């Protein structure tokens, strides 16, 4: 099996899927890219058994075939080659791979392509087409709120819920929660599943925003098809917590504030907060918001005052400053709204202005003060 | 207490009196937990492999340990302590620190109190005890070894510095075989030589304990006698008759160790965040693998999957003679409380 391909074009495709490669694979063959030539197109796959990504490109080739090529070696050599055509020659008997380029050639030993694990076929699947912009926005807005708890694997992923009216993405680690809903994209029926972090990160880095993404899914797997990429991933098995039930409905204390001002004030004050709790205190009285933090162990403290638009009772509430910063960083509007009820109940953070097709709700649990 | 386990056995069984005995397993893999003074004459020491002990002392009698009984006696002795002070910090079943600065019997002499306690232990329990009396825990502990067995030693405030200067480095409490040989490499053989080193030098080569050494040799130790010492870890481990070579056999054993650990965790009513698996290989090198999770756990069904992951995470480099599971970052530590002030969603 022989083929010719531009070094930079191949590298670009390989880098797109190289995020799938895992450093602690159980099967040695998974440290390879699978190269397959069918009908004059080259398809390259990478897999860690949970997630598989395939990219394809036009090439010059006379015959068809497949071979697994050591991923790290190949990436390293391509990274160091200026743009030029490379000729790959594969010996089907001993799986030796030779790459010939302007200055010389390199040789390595691959594996039989037939030994590469097959990607699961998708039976009885549903399908929906969503714009890449919506998916990448949804990932950006939710991924940071996912948990890392091995005991609650469902919370380590993003929950996707499709209905004829809207599509919703939810992430939570039990301290904070994000619900991102789009009404400009719908599904024909109702369904839901949980996507793991890794494929979401891969989607995030591969989506350009202007493409249409075809998503097919069943109970165990999901397949994303866009541009010349196919991403297949296993879904997280389990029941997602009833997130709607924890979103408080009555929140009479409403703070409206400039997002960037609020964010930079929290950033400064939190420098002086306790290094394990990252706790800061918000004190609301009249139209003034005071932020304060202290670290008793080191006698560090900081206080700032901001003018704001506040309607509600005077109150003091504590939050983990890291959570607030992450959330404020992931909103885009110039003004945000923080709705609260009591110092022991969740605060809701959302953009001040409503967007026609997009609804973002972020929720953060407070830290108890005076303890 | 002097040769505690062995003395208890000799007390309970008159046939063993005056004979060299070792408490511990006699089998191939057994270890001596305690040796009577008769056995010590032959060079039998605690923590020695039973096989070696039997070689050194062919008449050695091995006695199976009865921990319930030791615990019972330990409690008896502790109740004597409590007649003098409430500030009792148990170090093990047979050792404790007592702060008698203000005592219940209004006796201003710590040496006399120690004597009285030792007499009472002899009369009421029937065992010999040794005591060390000094200005801090460290010096008292070192002093208690000087007139062992059945003796006591007082190191008064004006004698402390001189005493520590003349003390060989391996007699320092907290300096074991490894640290001692490291100290020797640095030319430190006595307290005096230790005292000549700067704090910077000691912390550079001995880390955190360097600071501790710097202080104790100057008679400075500000650690109070803590009646209820906070537990920092809970562990269960097991040595096997035969080395285990496959992960499946290891998991089978870890399963039993996990049951035991769960029992201990429930009994002490604590939960922990860091799970550590300890593997001691047939060449006696030890490896630990650990993982910290976000939640405090104490049930086997929660920690065992992590133990499994840790075992499969990397191939054991040799066959294994001992396995153990430890839980640390317990929820009784001070800073864990401030973290729990973070409220959670009610899922």
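Each reported figure results from applying straightforward, stated rules to the coordinates on display, with no laboratory input. If you're wondering where the values come from, they're calculated on a predicted model, not measured in any experiment. Cβ coordinates were reconstructed from backbone atoms using ideal geometry, including for glycine residues, and neighbour counts include every protein chain displayed.
Rounded, prolate or oblate: which one fits segment A:133-292, using the alpha carbon gyration tensor with axes a ≥ b ≥ c (rounded when a/c is under 1.5, else prolate when a/b beats b/c, else oblate)?
prolate
Relative to the first principal axis of the alpha-carbon coordinates of chain B, what is the inclination of helix B:300-313, with its axis defined by its Cα atoms, in degrees from 0 to 90 and to the nearest 10?
Around 80 degrees separate the two axes.
Under 12 Å from a point placed 7 Å out from the Cα of residue A:8 along the Cα-to-Cβ direction: which residues of segment A:57-98 have their backbone N that close?
Under 12 Å, as judged by backbone N against the label point of residue A:8, lie A:81-85 of segment A:57-98.
What number in nm² do you get for the protein assembly as shown if you take the convex hull of its Cα atoms and divide its surface by four?
Mean projected area of the Cα convex hull: 42.9 nm².
With runs of 4+ DSSP H residues as the only contributors, calculate the mean residue ellipticity of chain B at 222 nm using -39,500 (n - 2.57) per run, divided by the residue total and rounded to the nearest 500.
Computed mean residue ellipticity for chain B: -11000 deg cm²/dmol.
Have a look at B:175, B:125, B:31 and tell me which one the Gaussian network model of chain B (Cα, springs below 10 Å) gives the largest fluctuation.
B:175
I'd like the orientation of helix A:7-17 relative to chain A: the angle between its Cα long axis and the longest Cα principal axis, in ° from 0 to 90, rounded to 10.
Between helix and principal axis, roughly 50 degrees.
For residue B:82 and residue B:49, what does the FRET efficiency come to when R0 = 30 Å and r is the distance between their Cβ atoms, rounded to the nearest 0.05?
0.20
Please give the FRET efficiency for residue B:287 paired with residue B:146, using the beta carbon to beta carbon distance and R0 = 35 Å, rounded to the nearest 0.05.
0.40
Taking the 0 to 90 degree range and rounding to the nearest ten, how far is the long axis of helix B:247-268 tilted relative to the main principal axis of chain B, both from C-alpha atoms?
Between helix and principal axis, roughly 50 degrees.
So, in nm, how far is label residue A:186 from label residue A:267 when the simple model puts each one 7 Å beyond its Cα toward the Cβ?
4.2
Using the Kirkwood radius over Cα pairs, work out the Stokes-Einstein diffusion coefficient for chain B at 10 °C and 1.306 mPa s, in µm²/s as a whole number.
Roughly 69 µm²/s, to the nearest whole number.
Could you please state, rounded to a whole Å, how far the C-alpha centre of segment B:45-78 is from the C-alpha centre of segment B:220-276?
Value for the Cα centre distance between the two parts: 22 Å.
Testing the spin-label approximation: label points 7 Å from Cα along Cα→Cβ at residue A:150 and residue B:116. State their distance in nm.
The two pseudo-label positions are separated by 5.4 nm.
Can you give the relative contact order of segment A:193-272 as a percent, counting alpha carbon pairs under 8 Å and 6+ residues apart?
23
Averaging sequence separations of C-alpha pairs under 8 Å and six or more residues apart, then dividing by the length of chain A, give the relative contact order as a whole percent.
13
Which whole number gives the average count of other chain Cβ atoms within 10 Å of the Cβ atoms across peptide B:240-250?
Going residue by residue through B:240-250 and averaging, the value is 0.
Starting from the Cα coordinates of segment B:101-198, work out the convex hull volume and express it per residue in Å³.
Enclosed volume per residue, from the Cα hull, is 112 Å³.
Any idea what the relative contact order of chain B is, in percent, if you count C-alpha pairs under 8 Å spaced at least 6 apart?
11
222 nm [θ] for chain A, helices only, -39500 (n - 2.57) per DSSP H run of 4+, per residue, to 500?
-5000 deg cm²/dmol
How many nm separate the modelled label positions at residue B:101 and residue B:332, each set 7 Å beyond the Cα in the direction of the Cβ?
With each label placed 7 Å out from Cα toward Cβ, I get 2.4 nm.
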